Amino acid sequence: MSYLSGKYPTTFGIIIAFIGIMWMIIAPVLAKDKMKRCTETAEGKVMIAHDRDTGIFSSYSYEIRYYIGEEPYYAYEGSSKYVTIGKEVTVHYNPDKKSENYIEELSDTPLSESLYGLFGIGFGAFLIIGDYIKNKKTYYVSKD
């Protein structure tokens with residue numbers, strides 16, 4: 001028996017839907033702000049790649065090395081996209097804080113961040129509606 005089929009699926013549904021709503025509101029704004037600050041570009045190279053396969057979703061984390069002048073910087077990015085070690089990528093970085101960056105080919109866009117939030121809302125609604133249907137009682141009127 002999973003924890004979602006226990007006593008509180010409606011509570012879990014409400015919590016997940018609330019997190020989804022907050023994600024839809026906050027995450028796209030943060031992504032847009034980061035894109036506005038990171039105005040300079042540099043070529044980077046994927047140095048390390050790790051994959052996580054949960055059976056349902058695969059996710060990857062990368063270490064990308066890029067140079068600004070002679071000084072090396074490193075970007076760490078998680079993504080659902082797969083790229084090979086050694087691939088050249090475009091790194092957008094903040095000229096005022098060179099370690100702040102996003103990777104054009106790997107980073108989530110504001111739209112994809114919104115879709116993650118929408119998925120959370122939908123999954124929460126699914127739990128709430130499923131619990132309602134499961135607990136709905138049907139009453140029969142006898143003909144006596």
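The values are calculated or read from the model by the stated rules, or taken from the named source; none is laboratory data. Remember, predicted model here, so these are calculated numbers, not experimental data. Cβ sites come from the backbone with ideal geometry, for glycine too, and all protein chains shown count toward neighbours. Only protein heavy atoms, including side chains, enter the accessible area calculation; ligands, DNA and RNA are left aside. Shrake-Rupley method; radii C 1.70, N 1.55, O 1.52, S 1.80 Å.
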Taking the conditions exactly as written (over 17 Å from F119 (Cα atoms) and among the aliphatic types (A, V, I, L, M)), does I16 satisfy them or not? no
Open to solvent by 50 Å² or more (accessible area, probe 1.4 Å) and small (G, A, S), is that true of S99? yes
Would you point out the residue of segment 91-127, among those that are of a type in the set (S, T, Y) and in contact with a strand residue (DSSP E or B) (Cβ under 9 Å, 6 or more places away or on another chain), that is farthest from A31 (Cα to Cα)? S99
Only one of S99, S114 is of a type in the set (S, T, N, Q) and in a helix (DSSP H, G or I). Can you tell me which? S114
Segment 28-43 residues that are touching a residue at least 40 places away in the same chain (Cβ under 8 Å), paired with ones that are part of a helix (DSSP H, G or I) (beta carbon under 7 Å, 6 or more apart): P28/P110; P28/E113; P28/S114; A31/P110; A31/E113; K32/P110
Identify the single condition in (1) surrounded by fewer than 16 Cβ atoms within 10 Å (Cβ to Cβ); (2) within 26 Å of P110 (Cβ to Cβ); (3) modelled with pLDDT of 90 or more that N94 does not satisfy, given that it satisfies every other one. (1)
Scanning for something aromatic (F, W, Y) and free of Cβ contacts under 8 Å to residues at least 12 places away in the same chain, does segment 107-124 turn up at least one residue? no
